[in-house]
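Accompanying notes for the structure given below.
The values are calculated or read from the model by the stated rules, or taken from the named source; none is laboratory data. Given the structure is predicted, the values throughout are model-derived calculations rather than measurements. Glycine gets a Cβ as well: all are built from the backbone with ideal geometry, and neighbour counts include every protein chain shown. Just the protein is used for accessible areas: all its heavy atoms, side chains included, with ligands, DNA and RNA removed. Shrake-Rupley method; radii C 1.70, N 1.55, O 1.52, S 1.80 Å.
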Amino acid sequence: MSQGHKRFHINEQELLCKNGCGFYGNPAWQGFCSKCWREEYQKAKNAQLQIDEQNKMMKQKTPVGAEGKAPSFSKFEEKKKRESDKRTHTVKSLFRKSSSKDIAAEQVAKREAMKRLSSESQQVGEGFADFLRNLSKPAALDVSKHIRALIEKIQQNPDVTVDEHSEIIQDFYQSMGDRLQTHPVYKGLTHTTSDKLMDYMEKYIMTRLYRAVFCSMWSDDEEQDLIIQKRIRSLHWVSEQNLEASISVNEPSVRALVDSAITDIIEMDSKRAPQDKLASVVRCSNHIFEALKASQNNEPASADDFLPALIYIVLQANPPRLQSNIKYITRFSNPSRLMSGEAGYYFTNLCCVVAFIENLNAESLNMTPEEFEGYMSGKLVPRDSKEGHICEGLRLMYQNLANLSELRQRHEKVMAEAMQLQQEIVEFKENFKKEIQSVLTKNPWTIKPRKTKVDLDAESPATDMLPPPLIPQIVGEPMVVQHDQSNANSTDMTTEPHVTVTDTAVEE
Amino acid sequence: MSAAGGGGGRNHNFKVVLLGEGCVGKTSLVLRYVENKFNDKHLTTLQASFLDKKLNIGGKRVHLAIWDTAGQERFHALGPIYYRDSNGAILVYDITDEDSFQKVKNWVKELRKMLGQDICLCIAGNKTDLEKDRHVPVADAEEYAASVGAKHFHTSAKLNRGIEEMFLDVSKRMLDKAGDENPRNSVGGGGRQSTSRKNVVIVDDDAQQHQSSGGGCCSSG
């Protein structure tokens, strides 16, 4: 302890200015005092200026000027320009039907890059291949042929607009759907298998093409994402009460469900295939329904409850690239999925939420325009900020406090019961004693000394005084013995009469 | 979409939206229809906003997807997102509430404007068990329904009255409409159809081209 203290001790010498001018120095000025530091700094600055000057001279010799300010941005601009140049170029070349060699080479390189599939594509591809193995060979060949043609087609024309891509893929779904029903190769497929096949195709194609078509260069999706993201951020103060969503957010069990719903909707961005994205939306919705059910006496929630709750979840989650994801699903999902079915319904609700958030005003939150403006500009703080919007840490603390108080109650209960048990034990002991006492007074018992067992075979000093044991002797004629033996055969007591005979013989 | 137009042995998938002000009993109506329960604690469904019902009408398998919509006034503007592409709409009002009937009129106007005659409309005067508090005259409601080409039904979710009939009627009308449209669709009326056809040819071309180059790959794989 004392050693540690010593180590931190600084003597006055160290506190003084490095220059030795007698004033105190400061670590922020690298140990100089303010005056010396200024001088030192000026010196360094001058030196730097000189070096810069020299550099500039050097650069002027070389034509490429680095306009330092925002290199990354200018680079991005350049890239965009280059891409668009190339686009016009390729479009022209398509018309001319004569592609120059370096463009072809570029395309080959691009295709090579595409061929190095991402792990997601590989996984989906394996699943798809397994599925195809169960189909008849010509059907599987036909499917893979068409899919390869489609992917090639899209990858060879990366510069068409995303709407054209969407058109191509939607047409593919439609033509494949028709083909599955009419083409002889697919005869004998059940409806469920062909539906599954369509799903697999969609999943595989969209996973492969995800990078090419999601949030494409040729759309304003990215800007839209930023707009909605900013909008949601500015609406952070909207509470579930403002929306009249009947979720009791501060209930720990409900909170857990709300958190998982938020996670689900955020997760949507990380999925690639449209159906996986939709599955995230469905999961999110189911969590919301569970939360609603837990908040209001187990009644199934209707759309009147669900939509406000979903708005609340989206406002809380601020899902990344929301617009891009919605547009992607609308453009590239199999339309039958969005037309009917649960996923379509929840997705439609999500679209409604985005539309609602975009057009949200004072009226839609049942407040005066002044109030709304106040909240938006940050002048007003939500009045229920204490119980409504608590930060994660506070919420955890409250939850822990609640847990602790519950624990304390349980502990007290255990203690009380233990005390009672102890008392009961004492009482029992007393009663037991009393009873014994009463029984003893009724029948007084004298306790006799315990009887000791007598071991007859034990060697004791008394045995010495006994006469020695008798030794049997054979006396008299064998006839008598024989007679005796026949006697012995009839009875069990063979030896005794015999012994008596001999005894008498001895005595004689 | 493809399934709805498929005809024949395929299922007919129909989307039906439920429209109406809050508290007119949309949810009870649909729960009564799908689960045959009213204010029951033992409902198996977690939610009552999206429900499925399978029907068999004259040997045709019909799959109804019933979409509930949020009835609050502030969500009114979102209506078009909900009823886009729907085959039928059930407009519910509360017979004890004049305003809710006015709302139905607004919805009808909007639906006819946005979707024309493609959508089958049904108007349901709900809560007929509260007949004594009726504020919307029967004659008015029926006359109005007839004037806009909608069927009017008197329903009560509590007493399970008129609901089955209403859904059956709307399903039948949607089937008729689908039957009417099927031949026209397959001839290829829309521009979309023709573009897709053009593209189908291209896909086939590419595929054949590809077959020569990719055939080896397939056989080796």
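Quick look at the values:
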quantity	calculated
Per-residue SASA entry for A:ARG38, accessible area with 1.4 Å probe, Å² rounded to 10	150 Å²
A:THR330 accessible area, assembled protein chains, probe 1.4 Å, Å²	70 Å²
10 Å Cβ neighbours from other chains, averaged over peptide A:306-313	3
Electrostatic dipole magnitude of segment A:185-296 [Cβ: Lys, Arg +1; Asp, Glu -1; Cα centre; debye, to 20]	400 debye
Local net charge near A:TRP37, Cβ-Cβ under 15 Å (Lys/Arg +1, Asp/Glu -1)	+3
Tensor-based shape of segment B:12-180 (alpha-carbon gyration tensor, a/c under 1.5 rounded, otherwise prolate or oblate)	rounded
Check: segment A:113-213 dipole with +1 on Lys, Arg Cβ and -1 on Asp, Glu Cβ, in debye	500 debye
Listed residues A:GLU14, A:GLU164 arranged by accessible area, highest first, probe 1.4 Å	A:GLU14, A:GLU164
Accessible area, probe 1.4 Å, largest first, for residues A:ILE425, A:ILE266	A:ILE425, A:ILE266
Inter-label distance, nm, simple model (7 Å from Cα along the C-beta direction), B:LYS113/A:SER234	2.8 nm
Peptide-level mean, for A:348-356, of C-beta atoms on other protein chains within 10 Å	5
Shielding by partners, peptide B:47-55 (average Cβ within 10 angstrom, other chains)	6
Simple label model, 7 Å out from Cα along Cβ direction - A:GLN123 to A:GLU223, nm	3.5 nm
Prolate/oblate/rounded call for segment A:220-390, Cα gyration tensor, a/c under 1.5 rounded	oblate
Out-of-range pairs (alpha-carbon distance over 20 Å; input B:LYS26/B:LYS103; A:LYS293/B:LYS37; A:LYS277/B:LYS15; A:LYS153/A:LYS187)	A:LYS277/B:LYS15; A:LYS153/A:LYS187
Area accessible to solvent at B:ASP176, 1.4 Å probe radius, in Å²	100 Å²
Extension gain (nm, one decimal) between A:GLN473 and A:ARG410, 0.36 nm per residue minus Cα-Cα	13.6 nm
In order through segment A:325-337: 3J(HN,Hα) via Karplus (6.51 cos²θ - 1.76 cosθ + 1.60), integer Hz, x for Gly, Pro	5, 5, 5, 4, 5, 5, 6, 10, 7, 4, x, 5, 5
Prolate/oblate/rounded label for segment A:113-213 (Cα gyration tensor, a/c 1.5)	oblate
Dipole of segment A:220-390, positive direction: furthest Cα of A:PHE289, A:GLY341, A:PRO300, with charges on the beta-carbon	A:GLY341
Dipole magnitude of segment B:12-180, debye to nearest 20 (Cβ charges: Lys/Arg +1, Asp/Glu -1, about Cα centre)	520 debye
Among A:246-254, A:336-344, A:464-472, the order from most to least packed when residues are scored by Cβ within 10 Å on average	A:336-344, A:246-254, A:464-472
Solvent exposure, largest accessible area first (probe 1.4 Å, DNA, RNA and ligands not counted), of A:LYS433, B:LYS26	A:LYS433, B:LYS26
Inter-probe distance in nm under a simple model that places probes 7 Å from Cα toward Cβ, at A:GLU427 and A:MET367	6.1 nm
